[in-house]
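Enquirer: For reference, the structure I am asking about is given below.
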Amino acid sequence: MIGALRTLLAGLFLLVAVPVGALIAFPWTFLSGKIGFLYWLGMNVTRIAVRLTGTRIEVLGMDNLDPQGTYIFMSNHISNLDPPILLPLIPRRTSVLVKKELWSIPIVAQAFDMAAFVPVERSNRQSAIQSVRRAGEVMRKGINMTVYPEGTRSRDGNLLPFKKGPFHLAKETGFSVVPVTMLGTREIMPKGGKLIKGGKVTVVFHPPIDSNVHSSSEELMQAVRDSIAAALPAQNAEAIETHAKS
């Protein structure tokens, strides 16, 4: 019952805040050609909505990062709550990979372009390669990139196989990877769940991994996977270890 009320409250807040914010921020963004205010507003609306669900966030390891550095943040993915919790925590701006179909919405497409979001069509290999190149161009402008290398949410909390694209991006651009472990979001809103129960979430930012240290994208992938897994609950870490050996 409490979860339903919290979910409803957050939904009502977004229902009011998003259109009002859009009426203010979109005209300014299109007239000025600058995305900063719209991005700031979006992140803060997201923060408030998450708080209204009764979700408390503990952040660990932020001191591992250079606030002015440009990184590829790679996180495990266990809930729809992961992006709205993680993205506002990332220093400065971050770009993300977004389904290409969303570019069919005219105003949204313009906003995505101004925010330097990267369209991706995973079913098309050539398109996926172009997305990696586009992401590299975005990062060279000093904008972070956030990706979920599993490509989808895990139902049981164990790490799924990683996609290769993000690691090719890291090797091609030379930017360091920051592994991130999300803990607690699956219990609050599991895959397929409609309600947000509220509770404590821990976000662990691990030390950056220099992509140039590893001779191949496969080695880099394993290093990132090991780092993320190190902060997972014992049962999930053991399952991952067993799977790796089999």
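Enquirer: Anyone know which of His168, His214, His206 comes out most mobile in the 10 Å Cα GNM of the chain?
Expert: Maximum fluctuation in the GNM of the chain, among the listed residues, is at His214.
Enquirer: Output wanted: per-residue J couplings in Hz (rounded whole) for region 197-214, from phi through Karplus 6.51 cos²θ - 1.76 cosθ + 1.60, θ = phi - 60°, x for Gly and Pro.
Expert: Karplus values, whole Hz, x for Gly and Pro: 6, x, x, 9, 10, 10, 10, 10, 8, 7, x, x, 10, 5, 5, 7, 6, 8.
Enquirer: Return the inverse of the average 1/r over all pairs of distinct C-alpha atoms in the chain, which is the Kirkwood hydrodynamic radius, in Å to one decimal.
Expert: After inverting the mean inverse Cα-Cα distance, the result is 18.9 Å.
Enquirer: Kindly rank 152-160, 20-28, 131-139 from highest to lowest mean number of other beta carbons found within 10 Å of each residue.
Expert: Output ranking for 152-160, 20-28, 131-139: 131-139, 152-160, 20-28.
Enquirer: Can you list which of the DSSP-assigned H helices in the chain have a Cα extent of 30 Å or more along the long axis and an average Kyte-Doolittle score of at least -1.0?
Expert: 2-32
Enquirer: Follow-up. Under 17 Å from a point 7 Å along the Cα-to-Cβ line of Thr202: which residues of region 158-192 have their amide N that close?
Expert: Label zone hits: 158-159, 179-188.
Enquirer: While we're here: Of Gly193, Leu97, Ala135, which is farthest on the positive side of the dipole of the chain, counting Cα position, with +1 on Lys and Arg Cβ, -1 on Asp and Glu Cβ, and the Cα centre as origin?
Expert: In the chain, that residue is Gly193.
Enquirer: What do the square roots of 5 times the Cα gyration tensor eigenvalues come to for region 64-133, in whole Å, largest first, as semi-axes of the equivalent ellipsoid?
Expert: Working through the eigenvalues yields semi-axes of 23, 15, 14 Å.
Enquirer: Relative to the Cα centre, what is the charge dipole magnitude of the chain, using +1 at the beta carbon of each Lys and Arg, -1 at the beta carbon of each Asp and Glu, and rounding to the nearest 20 debye?
Expert: Rounded to the nearest 20 debye, it is 680 debye.
Enquirer: Would you work out the relative contact order for region 57-245, in percent, from Cα pairs under 8 angstrom that are 6 or more residues apart?
Expert: With pairs under 8 Å counted, the relative contact order is 31 percent.
Enquirer: For the cross-link pairs Lys164/Lys191; Lys100/Lys191; Lys34/Lys163; Lys164/Lys200; Lys99/Lys141, which exceed 27 Å when the distance is taken from alpha carbon to alpha carbon?
Expert: Table pairs above 27 Å Cα-Cα are Lys34/Lys163; Lys164/Lys200.
Enquirer: Calculate the dipole size of region 76-137 relative to its Cα centre from +1 charges on Lys and Arg beta carbons and -1 charges on Asp and Glu beta carbons; express the result in debye to the nearest 20.
Expert: Computed about the Cα centre, the dipole is about 160 debye.
Enquirer: With runs of 4+ DSSP H residues as the only contributors, calculate the mean residue ellipticity of the chain at 222 nm using -39,500 (n - 2.57) per run, divided by the residue total and rounded to the nearest 500.
Expert: The helix-only estimate for the chain comes to -15000 deg cm²/dmol at 222 nm.
Since every read-out is calculated from the coordinates, none of them should be taken as a lab result. Not measured: the values here are computed from a predicted model. Don't worry about glycine lacking a Cβ; one is built from the backbone with ideal geometry, like all the others, and counts go over all protein chains shown.
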